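K.L.:
Questions regarding the structure given below will be posed in turn.
Every number in this text was worked out from the coordinates using simple rules, so none of it is lab data. Since the structure is predicted, the reported quantities are computational estimates derived from the model, not experimental observations. With ideal geometry, Cβ positions are generated from the backbone for all residues, glycine too; neighbour counts draw on all protein chains shown.
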Amino acid sequence: MNQQIVKNIGKFKSGLIIGAFIGVWSGGLWGAIFGAGIGYFILRWLHKKLFAEGSPQLLFFKATFIVMGKVAKADGRVTEHEIQFARDVMTRMRLNEEKKREAMGYFSEGKEADYDLSKVLRPLSLLIQRRSAVKIMFLEIQLQAAMADGEISPKELEVIQEVCSFLKMSQQEMNQLLARMQAQQSFHSAGASSSPSLIAEAYKVLGVAMDVSDAVLKKAYRRLMSQHHPDKLVAKGLPEEMMQLAKEKTQEIQAAYDIVKTSRK
């Protein structure tokens, strides 16, 4: 059974017990029965709301492509680069044809002008509210989608900010993540491994200044590797299909760290 559902069943039982105690306090035995009954139906309603989309993995998958579609359409039209990015993500996830059609359906749904992101982001936020690494992974994918055509437009940034608001991520956290994502984009196109520009971008990928100590550098590297560890992310709700994306992210972090280490010798 899904670990998150097991935890919530425990919460439901606790809710029934609390309802019964309140009933006893207010109306004796019959009050206890009535209180437990009310608690049961309230918690059943909450369960239905929270798990209407199934597991966290299914909800993450759906929200990923819906928000991607919303980001792509934010500035009025969807470019070929943005469509190709969505397709590339599906290929990297090794989706079969049925799952690709499902993902494209969600992407198209998100492109609708009147689509309300709260429908997927509010339940997703409830399910991953204590899983900061999963939130970061989700936002990284959306930032990559926004940068697919080379830059992030003001309208696309508005959608990203809306996502951050639902996921309870601060403006500072978003700015730091955006800076790292832009650095990663530059890191891939900086050229030879010995070039000063590549080394500078490698520091930005790791989120540290060029004059930090070796100890601070290693700490930042280990923190990022832990955040993007594929097995840890899957255990926290990342769909298994997205494990490859997490692996690629750890490879980028490792490459940046290796370049910085070599430059310091």
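K.L.:
Between Ala200 and Lys168, what is the label-point separation in nm under the 7 Å Cα-to-beta-carbon projection?
P.N.:
Placing both labels 7 Å along Cα→Cβ, they lie 3.9 nm apart.
K.L.:
A further question on this structure: Provide the packing ranking of 165-172, 209-216, i.e. peptides ordered by the mean count of other C-beta atoms within 10 Å per residue, highest first.
P.N.:
Per-residue mean Cβ counts within 10 Å order the peptides as 165-172, 209-216.
K.L.:
On to the next question. Relative contact order, percent, of the stretch 188-264 when contacts are C-alpha pairs under 8 Å separated by at least 6 residues?
P.N.:
36 percent
K.L.:
Can you give the relative contact order of the stretch 145-201 as a percent, counting alpha carbon pairs under 8 Å and 6+ residues apart?
P.N.:
That works out to 18 percent.
K.L.:
Which value does Rg/Rh take for the stretch 56-180 over its C-alpha atoms, Rh per Kirkwood?
P.N.:
Here Rg/Rh amounts to 0.93.
K.L.:
Take the Cβ-Cβ distance between Asn175 and Glu98 as r, set R0 to 35 Å, and report the resulting FRET efficiency rounded to the nearest 0.05.
P.N.:
It comes to 0.35.
K.L.:
So, by mean Cβ neighbours within 10 angstrom, what's the order for 136-149, 249-262 with the highest one leading?
P.N.:
My ranking of the peptides, most packed first, is 136-149, 249-262.
K.L.:
To continue, here is another question. If you split all Cα-Cα distances of the stretch 188-264 into 10 Å bins from zero, what percentages do you get per bin, shortest first?
P.N.:
P(r) for the stretch 188-264, in whole percents per bin: 19, 45, 27, 9.
K.L.:
With each pseudo-label sitting 7 Å past Cα toward Cβ, what's the Gln251-Leu126 distance in nm, one decimal?
P.N.:
3.8 nm
K.L.:
List the aspartates and glutamates whose Cα sits under 19 Å from the Cα of Lys232, skipping any in the same chain fewer than 8 residues away.
P.N.:
Filter leaves Glu140, Glu240, Glu241, Glu248, Glu252.
K.L.:
Going down the table (Lys99/Lys236; Lys100/Lys247; Lys119/Lys218), which pairs top 32 Å between alpha carbons?
P.N.:
Among Lys99/Lys236; Lys100/Lys247; Lys119/Lys218, the Cα-Cα distance tops 32 Å for Lys119/Lys218.
K.L.:
Let me know the Rg and Dmax you get for the stretch 78-127 when you use only its Cα atoms, in Å.
P.N.:
12.5, 34
K.L.:
With a point put 7 Å past each Cα toward its Cβ, work out how far His188 is from Ile83 in nm, to one decimal.
P.N.:
With each label placed 7 Å out from Cα toward Cβ, I get 2.0 nm.
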